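Accompanying notes for the structure given below.
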Amino acid sequence: MTGSHRAATTTRRSTGTAASGRRSGHTRIRIVLVTAVSLLVLVTAGAGWAYLRLNGNIDTFGADGVSDDRPAAASDGRNVLVIGSDARTGGNSELGGGDKNDIGRSDTAFLLHVYADHRNAVAVSIPRDTLLDIPPCRLPDGSWTETRHQAMFNEAYTVGSTAEGNPACTQNTVEHLTGLRVDHTVVVDFKGFSALTEVVGGVEVCVPQDIYQKDLNPGRATRGKRLFTEGVQTVSGQKALDYVRIRHGIGDGSDIGRIKRQQAFVGSLLKKVKTDGLTPSKLLPLADAATTSMTVDPGLGSADKLVSFVMSLKDIDLNDTRFVTVPWRYEGARVAIVEPDAGALWAALKADRTLDGDDAGGVGAGKEPDSTASADAEERVPAEDISVTVRNGTRVTRLAARAADVLEEAGVTVTGTATASSQDHRTTVIEYGPGHKEEAETLARLLGTGEVRSGTGGLDVVLGRSYADQVSATPSAVPSGVPAEVTEGARTADEDLCTGLSYG
């Protein structure tokens, strides 16, 4: 082969090698791009699948059981009723015992108030044996019950005698008791609770003394085997469920003592979740576990609403998350609510005042409002721009004057007070004419109750029994704080695990 042929061959080979290299480089780039796009598709599809799975998990209870006579939204805070159900349906009987055909029951409930600043929260436990009024509630056949006086609180959940229970009736009862509008209701059963504790890898608790089978089931003839050893330990699944259900063998064996341990448990659970990080990747497995056996109101009936609401709580510090029990005293074997202490507590929450009397109203710096809040709550007319006449639609003396004082203190101009044409109004009604709807909604918020109705005139308030009941238990519309007897029993979510675990 001549030199020129060799040179040409070398040049062709060299050119071919370069072209091959370019093709190889382009191929690698295409592979990387295809891989990246494929991963993006898989991740997106996975997130979509996760949300579809969550949506499939969530059960909702019907809004037709929620009372029409409801308190107005009194503050920019949110109120969430959390109910622990020991219904035996859906495999729960294996975890809690009892007859799987039994009616749905609830022995645990607390009202969580998330303050408007999204930096503070307080959970108020209501003992199951608390004597109170259960307002009219819807039965499965569509009829409504009569008000039941001096009934035990946990009986509200059994109204209708269904296996699933009646969360709407419990919500009605809490609203009637507190004068606070419940924005959301969440019911968690044995399976959901057990699964949640396993997903987080267990929850650290403190046991004040050795616990045996008989402490969990007093009907046993013998003490049985030891379930818990005294001291700090991590529990999950069935053992976590046993811990929060233990009532006997500690302190005076009362439900009050059990509530203290449940509050400590929830605080420890929150601490574990916060320590692990409340990111979407962490939240989805938690939500999947929780929603497997969860029933919620229609307002939280989708994955995006539920996750959005939970994420709105992520900036509340453990030290600013507090637990209290409604002011109480024993009445025989039952629990009675202590007034005016309870009224002062509800009034503080309505006014977005912390247990220490601090103003926690308004959206905190850099915080967004809860995305589940109603759109019409975002733009309210200032109180200073409102003029209204207040009429007393009850036989309670000076009720209109008391309401006028509350409104004027907030900046509203009250043009006059009077007696309504009839004094049998059960619900407070705020009637508005064209262009005054937002003003009427502001009045309902300031009064803490009221049904807003369209009319032909300007603004007119007719006070009903709902407002009379509210002010009779509320010494101040905007309190500086709650009684020391309430705050002394409070605990924070980061409090020492072994502090205040029993009563008596």
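If I ask for residues that are crowded, with 17+ Cβ neighbours inside 10 Å and within 22 Å of Leu349 (Cβ to Cβ), which ones from region 132-153 would you list?
Of all residues in region 132-153, those crowded, with 17+ Cβ neighbours inside 10 Å come to 132, 134-138, 148, 152-153.
Leu132, Ile134, Pro135, Phe153 - these are the residues of region 132-153 that are crowded, with 17+ Cβ neighbours inside 10 Å and within 22 Å of Leu349 (Cβ to Cβ).
Going by the conditions given, is Ala36 open to solvent by less than 50 Å² (accessible area, probe 1.4 Å), among the aliphatic types (A, V, I, L, M) and either at pLDDT 90 or above or more than 24 Å from Ala289 (Cα to Cα) (or both)?
Numbers: open to solvent by less than 50 Å² (accessible area, probe 1.4 Å): no; among the aliphatic types (A, V, I, L, M): yes; either at pLDDT 90 or above or more than 24 Å from Ala289 (Cα to Cα) (or both): yes.
For Ala36, the condition - open to solvent by less than 50 Å² (accessible area, probe 1.4 Å), among the aliphatic types (A, V, I, L, M) and either at pLDDT 90 or above or more than 24 Å from Ala289 (Cα to Cα) (or both) - is not met.
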**Request:** Any chance you could count how many residues in region 440-462 are at pLDDT 85 or above, open to solvent by less than 30 Å² (accessible area, probe 1.4 Å) and more than 21 Å from Leu349 (Cβ to Cβ)?
**Result:** 4
**Request:** Might you check whether a residue that is at pLDDT 90 or above and either within 26 Å of Leu112 (Cα to Cα) or open to solvent by less than 60 Å² (accessible area, probe 1.4 Å) (or both) occurs anywhere in region 478-491?
**Result:** yes
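Per-residue answers, yes or no, for (1) under 27 Å from the mean Cα position of the chain (by Cα); (2) among the charged types (D, E, K, R); (3) open to solvent by less than 70 Å² (accessible area, probe 1.4 Å):
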| site | (1), (2), (3) |
| --- | --- |
| Gly192 | yes, no, yes |
| Leu216 | no, no, yes |
| Gly224 | no, no, yes |
| Glu230 | no, yes, no |
| Val235 | yes, no, yes |
| Tyr243 | yes, no, yes |
| Gly267 | yes, no, yes |
**Complete:** Result of the Cβ filter at 8 Å on region 228-246, keeping first residues that are in a loop (DSSP other than H, G, I, E, B) and partners that are of a type in the set (D, E, K, R), at least 6 apart or interchain, is Thr229/Asp210; Glu230/Asp210; Ser236/Glu198; Ile246/Asp215; Ile246/Arg258; Ile246/Arg261
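For region 90-204, please list each of the helices (runs of 4 or more DSSP H) lying entirely inside it that holds at least 3 residues being modelled with pLDDT of 90 or more. Let's see the steps before the verdict.
On the way: elements: 93-96, 167-178, 190-199.
Once the helices (runs of 4 or more DSSP H) in region 90-204 are filtered for at least 3 residues that are modelled with pLDDT of 90 or more, what remains is 167-178.
Regarding region 115-122, can at least one residue be identified that is among the basic types (Lys, Arg) and farther than 24 Å from Glu339 by Cβ?
Step one: filter region 115-122 for residues among the basic types (Lys, Arg), giving 119.
Still in the list and also farther than 24 Å from Glu339 by Cβ: 119.
Yes: region 115-122 contains one or more residues that are among the basic types (Lys, Arg) and farther than 24 Å from Glu339 by Cβ.
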**Prompt:** Does region 235-290 hold any residues that are β-branched (Val, Ile, Thr) and more than 18 Å from Ala195 (Cα to Cα), and which are they?
**Reply:** Ile246, Ile250, Ile256, Ile259, Thr275, Thr279
**Request:** Being of a type in the set (S, T, N, Q), at pLDDT below 80 and within 22 Å of Thr170 (Cα to Cα) is the filter here, so list the residues in region 280-301 that pass it.
**Result:** Thr291, Thr292, Ser293
**Item:** Of all residues making up region 248-293, the number that are free of Cβ contacts under 8 Å to residues at least 40 places away in the same chain, assigned to a helix (DSSP H, G or I) and of a type in the set (S, T, N, Q)
**Value:** 2
**Close pairs from region 178-199: first more than 28 Å from Gly65 (Cα to Cα), partner open to solvent by 30 Å² or more (accessible area, probe 1.4 Å) and hydroxyl-bearing (Ser, Thr, Tyr), Cβ under 6 Å, at least 6 apart** = Ala195/Thr292; Thr197/Ser236; Glu198/Ser236
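The values are calculated or read from the model by the stated rules, or taken from the named source; none is laboratory data. Predicted, not measured: the structure shown is a model, and the values here were computed from it. Glycine also receives a Cβ, built like all others from the backbone with ideal geometry; neighbour counts cover every protein chain displayed. We work out accessible area using only protein heavy atoms, side chains counted, and drop any ligands, DNA or RNA first. Shrake-Rupley method; radii C 1.70, N 1.55, O 1.52, S 1.80 Å.
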